[in-house]
1. Could you order the peptides 47-58, 10-21, 67-78 from most to least packed, using the average number of other C-beta atoms within 10 Å per residue?
2. If I take R0 = 30 Å and measure r between the Cβ atoms of residue 9 and residue 80 in this structure, what FRET efficiency does the formula 1/(1 + (r/R0)^6) give, to the nearest 0.05?
3. How much FRET efficiency would the formula 1/(1 + (r/R0)^6) give for residue 67 and residue 2, where r is the Cβ-Cβ distance and R0 is 22 Å, rounded to 0.05?
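Please treat every number below as a calculation from the coordinates, not as lab data. A quick note: this is a predicted structure, and the numbers were derived from the prediction, not measured. All Cβ positions, even for glycine, are placed from backbone atoms using ideal geometry, and neighbour counts span all protein chains on display.
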């Protein structure tokens, strides 16, 4: 699982029919290098600037209603930012 901030959306003119209904989001990891961005699918309604919890790899398929070709999926929206020392 990864904590990340939603930085934007990804628009696709064509996509696999199994991805219809999922919003594609550009995510910046909360920990690690801030320049490493990746795309995650979402059906919770996450918005830009929100901190989200993302599942990755083969566990992603368990969070989906039907199989789809994706390896990152938003499974939660975090209510408050974690308090950590940096």
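1. Working: 47-58: 14.8, 10-21: 9.6, 67-78: 16.3.
Ranked by mean Cβ neighbours within 10 Å, highest first: 67-78, 47-58, 10-21.
2. Computed FRET efficiency for residue 9 and residue 80 comes out at 0.80.
3. The value I calculate is 0.55.
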